[in-house]
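Report on the structure given below.
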Amino acid sequence: MGHIISVGMGKGGVGKTTTCSTLADILSEAGHKVLGIDFDPQGNFTQMVTRQSLFDFEDRTIFEAMKSRDPRPYIHRVRENFDLIPADDYLAYLSKYLYTEYDGHPYRLLAETIGLLKDEYDFIFIDLPPNLGDQTLNGLAASDFTIAVFQPEPFCFDGLLRYEETVELIQENINPNLKFLGVITSMMDSVAAIDEAIYQKAKNHYNDLLFDTVIKRRARIKEYSLIGLKKETAKDRITLAPYISLVKELMDRVQKEAVR
Ligand SMILES: Nc1ncnc2c1ncn2[C@@H]1O[C@H](COP(=O)(O)OP(=O)(O)OP(=O)(O)O)[C@@H](O)[C@H]1O
Ligand SMILES: [Mg+2]
């Protein structure tokens, strides 16, 4: 039985999609069967892993999968062990669909749609958008685990608290099996004192929930969004080393939680 892990945070541009797609990529290359679900109308997860235009995926997205309650025809093979259900901007109409046409619980549609895929993958990653609306609520309702991505920026700490509240709301009302796996620090500027101060504040508040690995701000990581992940050169291996540590921490946490 696979693990469904969502990556979210109400604040934009903090590194959610980069983290989600890099973790999915590394795990799939290590031999795990991985499915990515793009659940953000921006479609950045789709763009980052397929390197294709979103127009290529019109009518072949998670939104159509949800409307037909059948995800299988919408699975796009990225490469061996790595599949993706794409998203495009039409996913912005999800709320309208949920409240005017769908007759089930508005937060449960994604869970209903992807439930039958759980046995077919080791990991299913859901990339959430930068708001706590219907996509995030559906994403959390469908998840076994969720991770918040945090950038040490002035407004991001408040965003973390809000994300935690949203996780609790879903745990209490919809999905009691959901576990908050932790907080990943991303895009930390190693020379800015303010970043260090905000990081320490998060560390004091979250203690062990904060992953030990910190992803620093690196121009090369930004380039991966455009050119795809590169692993061939020594420089790339150094750039990706923190993500490898993150994968190890993630696996440890998942295994510990799974046996509880
Ligand atoms: N560690 C990093 N160092 C430098 N740039 C990064 C890093 N991580 C992500 N970026 C860049 O920052 C931008 C935002 O990253 P990303 O799209 O992953 O954030 P996001 O939280 O998913 O954004 P959104 O809220 O819009 O979905 C992208 O251009 C990405 O390439
Ligand atoms: Mg994103």
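Looking for something under 26 Å from LEU246 (Cα atoms), surrounded by 17 or more Cβ atoms within 10 Å (Cβ to Cβ) and more than 16 Å from ligand 1 (Cβ to nearest atom) - is there at least one such residue anywhere in segment 33-45? First the steps, then the outcome.
We begin by selecting, within segment 33-45, every residue under 26 Å from LEU246 (Cα atoms); these are 33-40, 42-45.
Narrowing the set further to residues that are surrounded by 17 or more Cβ atoms within 10 Å (Cβ to Cβ) leaves 34-40, 42-45.
From what's left, more than 16 Å from ligand 1 (Cβ to nearest atom): 34-35.
Yes, because at least one residue in segment 33-45 is under 26 Å from LEU246 (Cα atoms), surrounded by 17 or more Cβ atoms within 10 Å (Cβ to Cβ) and more than 16 Å from ligand 1 (Cβ to nearest atom).
Under the condition of being in a helix (DSSP H, G or I) and touching a helix residue (DSSP H, G or I) at 6+ places or on another chain (Cβ under 9 Å), which residue from segment 210-225 is surrounded by the fewest Cβ atoms within 10 Å (Cβ to Cβ)?
Among those residues, the one meeting the criterion is LYS222.
Looking at segment 207-233, which of its residues are in contact with a Phe, Trp or Tyr (Cβ under 9 Å, 6 or more places away or on another chain) and more than 16 Å from ligand 2 (Cβ to nearest atom)?
LEU209, LEU210, THR213, VAL214, LYS230
Search segment 80-105 for residues that are over 17 Å from THR136 (Cα atoms) and pair each with any residue that is open to solvent by 40 Å² or more (accessible area, probe 1.4 Å) and not in a helix (DSSP H, G or I) when their beta-carbon atoms are under 6 Å apart and the residues are at least 6 apart or on different chains.
Sorted first by the residue in segment 80-105, then by its partner, the pairs are ASN81/LYS33; ASP83/ILE75; ASP83/ARG77; LEU84/VAL78.
What's the number of the only condition in (1) over 18 Å from ILE5 (Cα atoms); (2) within 14 Å of ligand 1 (Cβ to nearest atom); (3) surrounded by 14 or more Cβ atoms within 10 Å (Cβ to Cβ) that ILE198 fails to meet?
Condition (2) is where ILE198 drops out.
Can you confirm whether segment 151-174 contains a residue that is of a type outside the set (Val, Ile, Thr), assigned to a loop (DSSP other than H, G, I, E, B), under 18 Å from the mean Cα position of the chain (by Cα) and within 16 Å of ligand 1 (Cβ to nearest atom)?
First, the residues of segment 151-174 that are of a type outside the set (Val, Ile, Thr): 151-165, 168-169, 171-173.
Now restrict to residues that are assigned to a loop (DSSP other than H, G, I, E, B): 151-155.
Subsequent filtering for residues that are under 18 Å from the mean Cα position of the chain (by Cα) retains 151.
Still in the list and also within 16 Å of ligand 1 (Cβ to nearest atom): 151.
Checking segment 151-174: at least one residue is of a type outside the set (Val, Ile, Thr), assigned to a loop (DSSP other than H, G, I, E, B), under 18 Å from the mean Cα position of the chain (by Cα) and within 16 Å of ligand 1 (Cβ to nearest atom).
Enumerate the pairs (first residue in segment 11-26 and assigned to a helix (DSSP H, G or I); second residue anywhere and within 8 Å of ligand 2 (Cβ to nearest atom)) with beta-carbon separation below 6 Å, excluding pairs fewer than 6 apart on the same chain, so at least 6 apart or on different chains.
Correct list of pairs: THR17/ASN44; THR17/PHE45; THR17/ASP127; CYS20/ASP127; SER21/PHE45.
Take the residues in segment 69-110 that are in a helix (DSSP H, G or I) and touching a strand residue (DSSP E or B) at 6+ places or on another chain (Cβ under 9 Å), then tell me which one is most open to solvent (accessible area, probe 1.4 Å).
From segment 69-110, those in a helix (DSSP H, G or I) are 72-74, 89-100, 109-110; that's our starting set.
Filter again for touching a strand residue (DSSP E or B) at 6+ places or on another chain (Cβ under 9 Å), leaving 74, 91, 110.
Values: TYR74: 45, LEU91: 2, LEU110: 0 Å².
My answer is TYR74.
The values are calculated or read from the model by the stated rules, or taken from the named source; none is laboratory data. Nothing here was measured: the structure is a model prediction, and the numbers come from that model. Note: ideal-geometry Cβ built from the backbone for every residue, glycine included; neighbour counts use all protein chains shown. Ligands, DNA and RNA are stripped out before the accessible areas are found, and what is left, the full protein with its side chains, is counted by its heavy atoms. Shrake-Rupley method; radii C 1.70, N 1.55, O 1.52, S 1.80 Å.
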